[in-house]
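The values are calculated or read from the model by the stated rules, or taken from the named source; none is laboratory data. It should be emphasised that the depicted structure is a prediction, and the values quoted were computed from it without experimental measurement. Cβ placement follows ideal geometry from the backbone for every residue including glycine, while neighbour counts extend to all protein chains displayed.
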Amino acid sequence: LDTERAYAGKGLPGQEIFPPESRWHSGVEPLGIDLDKARELLAEARKDGYDGTVTYMDGTDPVSRSKAVVVKAMLERVGFTVELDLVSSIADRVSKTYVDHDFDISRGAASVSEGDPYHRLQSVLNSESYGNPGGYADPEMDRLLV
């Protein structure tokens, strides 16, 4: 959806780290999107006191604004209240992401080399990595990276 709106349907969007044309592609199916499960988990979190509000950070350029509108609509569809934090410069985004860790959700990217994907995946997905700006932490992913 966000690719259709932001890029007029152009590009090769997907949910897999390695698309079918990659030599690293596997038969493992992506998790997909489960709106009912998302609603259920949000309802559970609300019972524990979470108010359902998230801030989505992106840029102020036209493509980023378009993507932000789509992400906001998708999150609101399952019951979140979404506040947009659209920052005007890459420097501000880098500071908020890597230095201050001042975001709930943000759009980003990691270039993974077909020739040597391990180093980039280790950098952005390992729980202990300094290059893991989102703070992603999963013991199973750490084990798989080893």
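What the table shows:
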item	result
Residues satisfying the stated conditions in the stretch 30-50, i.e. assigned to a helix (DSSP H, G or I) and of a type in the set (Asp, Glu)	Asp36, Glu40, Glu44
Pick from the stretch 18-67, criterion charged (D, E, K, R) and in contact with a helix residue (DSSP H, G or I) (Cβ under 6 Å, 6 or more places away or on another chain), ranking: farthest from Ile90 (Cα to Cα)	Lys67
Residue match in the stretch 53-62 (condition: surrounded by 11 or more Cβ atoms within 10 Å (Cβ to Cβ) and over 25 Å from Asn132 (Cβ atoms))	yes
Residue check for Ile17: in a loop (DSSP other than H, G, I, E, B) and more than 28 Å from Gly115 (Cβ to Cβ)	no
Total residues in the stretch 102-132, condition more than 21 Å from Thr55 (Cα to Cα), among the β-branched types (Val, Ile, Thr) and without any contact (Cβ under 8 Å) to a residue 60 or more places away in the chain	1
Some residue of the stretch 51-65 being in a helix (DSSP H, G or I), modelled with pLDDT under 95, within 30 Å of His25 (Cβ to Cβ) and assigned by TED's automatic domain parsing to the domain that holds Gly14	yes
Matching residues, the stretch 97-117, being out of contact with any strand residue (DSSP E or B) (no Cβ under 6 Å at 6 or more places or on another chain), at pLDDT 90 or above and not in a loop (DSSP other than H, G, I, E, B)	Pro117
Filter result for Ala73 (at pLDDT 90 or above, in a helix (DSSP H, G or I) and within 30 Å of Ala43 (Cβ to Cβ))	yes
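Rundown of residues vs (1) surrounded by 15 or more Cβ atoms within 10 Å (Cβ to Cβ); (2) farther than 17 Å from Ser106 by Cβ, yes/no style:
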{"position": "Gln15", "(1), (2)": "no, yes"}
{"position": "His25", "(1), (2)": "no, yes"}
{"position": "Glu29", "(1), (2)": "no, yes"}
{"position": "Arg39", "(1), (2)": "no, yes"}
{"position": "Leu42", "(1), (2)": "yes, yes"}
{"position": "Ala68", "(1), (2)": "yes, no"}
{"position": "Val71", "(1), (2)": "yes, no"}
{"position": "Glu83", "(1), (2)": "no, no"}
